[in-house]
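Nothing in this text is a laboratory measurement; each read-out follows from the coordinates by a stated rule. Treat the numbers as computed from the prediction; the structure is a model and nothing was measured. Counting neighbours? That spans all protein chains shown, and the Cβs are built from the backbone with ideal geometry, glycine included.
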Amino acid sequence: MKIGVFGGCFNPIHIGHLSLIEEVLIRFNLEKVLFIPNMNPYYKEYKTVSFDLISEMINLAIGKNWNYEISSLESNSNKDHATYKTLRTLINENTSNELYLILGSDQFLQFSNWKNSEEIKDQINLIIAIRDTYNIDLEDFTDKNLCYTKVDSRNRTHVFKSINNKELIFYDLIKKFDISSSVIQKMLSLGEVGEVRRFLAPKVLDFILEKGLYR
C-alpha cells in the first residue's frame, strides 16, 4: 500500500491542509494518508489544544472522504519529537508498505536545519508540495545535490531518485492557499468568525465555537 505521511500541528486543520492532501492523494495514487499531529512543536508558538481535540477536528474535516488514520506517535506534549525518530518507528511498522513523507515547500526550504535530515532522505520517499510564496529553484537543487538524478518531468511534477533509489518528488500545487493555523487562531481570538469561515470546514468551525477554542 502507498501511504502518505503528513505531519504538523493541525491546530486547527484548515482548507490549505485539506486541498494539499486531496491533490497529492489523487496525483500520486496514494491509498491512505497518515496524519501525525505534533503536540510539542519547537518551531512555532503553540496555543495549547489537546491531542483528542486536534484529532476530533481532523475527523470532522475529513469525514468519509479519504482512507486515513491519525497517529499518536507525537501526541506527548511533554516530549520533544524529532521527525527522523518518528519515521524510524513508522518504517519498522510498515515493512510491507511504501511510505511518502509529504512536506510543504516552506518546510523543505528549512529541511537542512532539521535534525538528521540526511537520514530522512535516505529512509523515505519525499513529496514536496510547492506553494506560490515558497518556490523551489530546481536548477539550483540539481547543481547542489549530485546524489539525485532527475528521472521525469511532466504534469507539474519533477521526480528525482537518490543513489539508494528513494524518490524525491516536487509537485507544483494547482490550488494554493495563503493561510496558516496561527493566523486562524489569531482571527478567532479577535472574534473574526466571518473571516475564518473561508478557511475551515463548517463542522470544524462549529466544533471550535462549541468548545470555545482559541479565545
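Sequence gap at least 6, Cα distance under 8 Å: using those rules, report the relative contact order of segment 95-215 to the nearest whole percent. So the answer I get is 19 percent.
Taking a straight Cα-Cα cut-off under 27 Å and skipping sequence neighbours fewer than 8 places away in the same chain, the lysines within cross-link reach of Lys166 are Lys2, Lys32, Lys85, Lys115, Lys121, Lys144, Lys150, Lys175, Lys176. To the nearest ten degrees, helix 51-62 and the longest principal axis of the Cα atoms of the chain are 80 degrees apart. Here the ratio of the Cα radius of gyration of the chain to 2.2 N^0.38 Å is 1.02. In this Cβ point-charge picture (+1 for Lys and Arg, -1 for Asp and Glu), segment 2-178 has a dipole of about 160 debye about its Cα centre. Once the Cα atoms are used to define both axes, helix 202-211 deviates from the longest principal axis of the chain by about 50 degrees. Under the convention that each Lys and Arg Cβ holds +1 and each Asp and Glu Cβ holds -1, the size of the dipole of segment 15-117 around its Cα centre is about 220 debye.
Projected onto its three principal axes, the C-alpha set of segment 138-215 covers 51, 21, 21 Å, listed from the longest axis down.
Start at zero, step by 5 Å, and the Cα-Cα distances of segment 19-147 spread as 2, 8, 16, 20, 23, 18, 8, 3, 1 percent across the bins. Helical content of the chain, expressed as a calculated mean residue ellipticity at 222 nm, amounts to -10000 deg cm²/dmol (DSSP H runs of 4 or more residues, -39,500 (n - 2.57) each, divided by residue number, nearest 500). Think of the chain as a dipole: +1 on every Lys or Arg Cβ, -1 on every Asp or Glu Cβ, centred on the Cα centre; then among His81, Asn65, Asn165, Asn65 lies furthest on the positive end.
Neighbour counts of other Cβ atoms within 10 Å put Met1, Met187 in the fewest-to-most order Met1, Met187.
For Lys211 and Glu31, a Förster radius of 25 Å and the Cβ-Cβ distance give a FRET efficiency of 0.20, rounded to the nearest 0.05. Spin-label pair Thr157-Ser189: with each label point 7 Å from Cα along the Cα-Cβ axis, the two points sit 4.0 nm from one another.
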